[in-house]
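Heads up: the structure comes next, in structure tokens.
FYI, it's all coordinate maths here, none of it is from the lab. In this text, all values refer to a predicted model and were calculated from it rather than measured experimentally. A quick note on method: Cβ atoms are made from the backbone with ideal geometry, for glycine too, and the neighbour counts reach across all protein chains shown.
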Amino acid sequence: MKARLTYIPVEMADHFGDFIITRDEQILDAVKARARDFSTLSLLKLLYQLNCGPMSFTDLYASSKIRMKKSFLNYLHLCVDYNFVKKEAVGSNVIYSISDKGRVMLGLFMEKSN
């Protein structure tokens, strides 16, 4: 995940505030902002792994191949916050599984038409 400087329409910035790190000046109907720039591929890596079955945090981290733990956590939190992934406490472990919404998201990219 990178932080990037971009212009975002005001209405969109208000609706997707959790993607915005800092807001600068408003120019006409857009806000200059530093925003979190999530990689679609990294998001799909998590969903694809969980599509095979529920996993513990450690197993999901290792199988996702997202090298930096902080980046992995950012993507995992995004998936949980937007209900692409469900988490459930099982004993002393947390188990993650793909939700119906996550399957739809993954399916949008797996069913590419030629």
Nearest-0.05 FRET efficiency for residue 41 and residue 74 at R0 = 22 Å, using Cβ-Cβ distance, is 0.95
Quick one: angle between helix 40-51 and the longest Cα principal axis of the chain, in degrees between 0 and 90, rounded to 10, please.
20 degrees
Can you compute log10 of I(q)/I(0) for the stretch 27-114 with the Debye formula, treating each Cα as one identical point scatterer, at q = 0.10, 0.25, 0.26 Å⁻¹?
-0.29, -1.29, -1.38
Remind me, relative contact order of the chain in percent, using alpha carbon pairs under 8 angstrom and six or more residues apart?
22 percent
Cα→Cβ-extended label distance, 7 Å offset, between residue 87 and residue 32, nm:
3.6 nm
When the dipole is taken about the Cα centre of the chain, and only Lys, Arg (+1) and Asp, Glu (-1) are charged at their Cβ, what size is it in debye, to the nearest 20?
560 debye
